[in-house]
Amino acid sequence: MVALTQLTLPCDLLRWIPLLPLAGSAINLFFGGRMGKTAAGLLASSAVAASFAIALWVFYLLPNNGIFRDLVYTWIESGSFKVNFALQADALTAVMLLVVTGIGFLIHLYSLGYMEHDTDMVRFFVYLNLFLFFMLLLVMGDNLLLLFVGWEGVGLCSYLLIGFWYRDQNNAIAGNKAFIVNRIGDFGFVLGIFLLVAELARQGVWTLDFVELEKHVKLLSPIAIGAITLLLFVGATGKSAQIPLFVWLPDAMAGPTPVSALIHAATMVTAGVYMTARLHFLFELAPGTLHLIAWVGAATAIFAATIALTQTDIKRVLAYSTVSQLGYMFLAVGVGAFSAAVFHLFTHAFFKACLFLGSGSVIHAMGGEQDMRKMGGLKEHMPRTYWTYVVATLAIAGAPFTAGFFSKDLILWQAYSSAHGSGWLWVVGWLTAGLTAFYMFRQLFMVFHGTCRADAKTKAHLHESPEVMTEPLIILAIGSIFTGWLGAPEYLWGSRWDKWLAPIFGAHEGAHHSVQLELGLMCLTLAIIAVGVLLAYRFYYKSSTAPDSLAALAGGAPYRLSFNKYYIDELYDFFIVQPFTAISSFFARFFDPWIIDGIVNGVGASARGLSSVWRGVQTGNVQHYLAAFLIATLALLAYFLRQQ
């Protein structure tokens, strides 16, 4: 880790990167209805395109050991505690800016075609721009509090977009589920921030600024660092859908497909990985937490992959694939390979966005149908979608010289060779690579090959998507190959990726092992990927009856377990949701009306009873008052005479 050189950009350029999407959202909110759907979509897309152009310029001007800062204003100042509303761009942020604005722009462009017939298209682009604004705030904030504002903002926008078609109850429930599950993770995240502030304050340091935190973090005790990192990781498990808080992500498919692509590729689910990478100096001091993260990541990767094997909804397969790939990223974080984690985040953004937008193109052609059992043979009808889907499938499976091959191989190598890694972690990642190849090629064969299983009406509707939808697919497919070349291993042409991020993470990742060992492990990975592809080819391309035989193994129990997602949702419902619902019902039916309302109503009734006694005295009749005055006077006179 080296000290970064602070640089200045002209015209306060940095703040315009998030401001432009925010302005697009605001203009469409107030004037979008008058402008019309197409104009609103073009405005939203142009705003993101302008942000991307500025991000590219920032990337061009930024040396990897430099940092741009933009102090907007002093946000909070109380005694020694001071937090600025300030933005920054260093090598890590620059990468995230390109992902968020670049992939985000392509998704906006695609949405112009996908949402063309939706009556709420203007509202869609309002949310989409707002989503990007908060994600940009998250990655550009120069302190933990501003990061948290972006963190909560993307949570809000995901709720709005997942439940975009809120008139359908299932969509509204999916939005609520995402919101509630994320609140659980966010609670841990907030506690982690509070504990960090309190522990540093005990040492006389009041700050949430990343540079200051890194400078003073060694003042903290190991116990405090362990507790803080564990709480922060709880937040990451919620945002990035790791065990046990992954259950919201597959249901997030209820939103429009471009939303799925945005959440899975460019924004929300990457927030947890980015946060751990940004605070790497803290996590590096907590080996126990890193060990836990590595195993949670590995377990999530293989667990989600086994569920993806049997799903029949085209988007749900991709959703579990995202959970699995995020597991890979946390596996890398857990073994201290932060650069590898961000590298897989970068490459994954291209092929996962391509896959989701490709699935959207398929769903568009199929008239809304998402069940892969009713597809097949679409290759002939949708050549552009097919070939881009093939490229993205090869990339996520880890085929040689694609983006996924380089980033996944780097994670597996680090899982084996780094100081925090182990052979067992590598084995889990290795098995997951084979499963990934199987379920992705299963999907490819079921959707695009064989005989079309759609009904006659759907078959008549089959067509390739318009260019505004297919051109983003082509760009993403190209990125799904070439972005991985930035991180090629040393035995090929060397990694420019590690050199770019070395001032942030240092150049200490990985232990020194022989090239032969690295090549040997890579060959084993390629072998299991080939096995996965061949099995998928055998079961879903060559033989139409083989999948049924496979599903019937051991009485069908393994298939049912995987197909029903190991009944995790049902277990959560039984052990958590129902008990909470029962307790809430008890409070609603008994405690509230009889205890709370009883106390409040009792106080009111007592006051009313007492007042009713005295109300009889207040008749308004002057004769009554004079009589009372006379009686009281006589009583007092009698009392004093008796005293004499």
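The values are calculated or read from the model by the stated rules, or taken from the named source; none is laboratory data. Nothing here was measured: the structure is a model prediction, and the numbers come from that model. Reconstructed Cβ throughout: ideal geometry from the backbone, glycine too, with neighbour counts over all protein chains shown. Ligands, DNA and RNA are stripped out before the accessible areas are found, and what is left, the full protein with its side chains, is counted by its heavy atoms. Shrake-Rupley method; radii C 1.70, N 1.55, O 1.52, S 1.80 Å.
Got a sec? Which of 51, 45, 25, 111 is under 19 Å from residue 12 (Cα atoms) and either of a type in the set (A, V, I, L, M) or crowded, with 23+ Cβ neighbours inside 10 Å (or both)?
51
Give the residue that is nearest to the chain's Cα centre (by Cα), with candidates limited to residues of region 111-157 that are of a type in the set (Gly, Ala, Ser) and in a helix (DSSP H, G or I).
Taking region 111-157 as the starting set, the residues that turn out to be of a type in the set (Gly, Ala, Ser) are 111, 113, 141, 150, 153, 155.
With in a helix (DSSP H, G or I) added as a condition, the list becomes 111, 113, 150, 153, 155.
Details: 111: 20, 113: 25, 150: 12, 153: 11, 155: 8 Å.
Selected residue: 155.
Residue 271: open to solvent by 10 Å² or more (accessible area, probe 1.4 Å) and under 29 Å from residue 101 (Cα atoms), yes or no?
Values: open to solvent by 10 Å² or more (accessible area, probe 1.4 Å): no; under 29 Å from residue 101 (Cα atoms): yes.
When the stated conditions are applied, residue 271 does not pass them.
For the condition over 27 Å from residue 353 (Cβ atoms), in contact (Cβ under 8 Å) with a residue 12 or more places away in the chain and of a type outside the set (D, E, K, R), what is the one hit in 506, 494, 479, 484?
506
Having 1 or more residues that are open to solvent by less than 10 Å² (accessible area, probe 1.4 Å), among the polar types (S, T, N, Q) and within 26 Å of residue 327 (Cβ to Cβ) is the bar; report the helices (runs of 4 or more DSSP H) wholly within region 358-477 that clear it.
383-397, 403-417, 423-448
With the requirement that a residue be hydroxyl-bearing (Ser, Thr, Tyr) and part of a helix (DSSP H, G or I), what does region 158-173 give you?
158, 159, listed by residue number.
May I ask you to say which residue of 60, 73 is surrounded by fewer than 15 Cβ atoms within 10 Å (Cβ to Cβ) and closer than 20 Å to residue 346 by Cβ?
Matching residue, one of 60, 73: 60.
Hey, can you tell me all the residues within region 131-167 that are over 27 Å from residue 67 (Cβ atoms) and either crowded, with 22+ Cβ neighbours inside 10 Å or in contact with a helix residue (DSSP H, G or I) (Cβ under 8 Å, 6 or more places away or on another chain) (or both)?
155, 156, 157, 158, 159, 160, 161, 162, 163, 164, 165, 166
What about residue 190, is it under 25 Å from residue 123 (Cα atoms) and of a type in the set (A, V, I, L, M)?
Taking the combined requirement at face value, the residue does not satisfy it.
If I ask for residues that are surrounded by 15 or more Cβ atoms within 10 Å (Cβ to Cβ) and in a helix (DSSP H, G or I), which ones from region 1-15 would you list?
13, 14, 15, listed by residue number.
Let's see how each residue does on (1) open to solvent by less than 10 Å² (accessible area, probe 1.4 Å); (2) in a loop (DSSP other than H, G, I, E, B); (3) touching a Lys or Arg at 6+ places or on another chain (Cβ under 8 Å):
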{"residue": "230", "(1), (2), (3)": "no, no, no"}
{"residue": "249", "(1), (2), (3)": "yes, no, no"}
{"residue": "253", "(1), (2), (3)": "no, no, yes"}
{"residue": "261", "(1), (2), (3)": "yes, no, yes"}
{"residue": "265", "(1), (2), (3)": "yes, no, yes"}
{"residue": "282", "(1), (2), (3)": "yes, no, no"}
{"residue": "301", "(1), (2), (3)": "yes, no, no"}
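What pairs can you find where one residue is in region 58-87 and over 22 Å from residue 506 (Cα atoms), the other is hydroxyl-bearing (Ser, Thr, Tyr), and their Cβ atoms are less than 6 Å apart, with a gap of 6+ or different chains?
What qualifies is 84/74; 85/73.
Taking the residues in region 419-446 that are touching a residue at least 12 places away in the same chain (Cβ under 8 Å) and more than 27 Å from the chain's Cα centre (by Cα) as candidates, determine which candidate is farthest from residue 531 (Cα to Cα).
Only one residue fits best here, namely 419.
For region 611-644, which positions are in a helix (DSSP H, G or I), among the hydroxyl-bearing types (Ser, Thr, Tyr) and surrounded by 10 or more Cβ atoms within 10 Å (Cβ to Cβ)?
611, 625, 633, listed by residue number.
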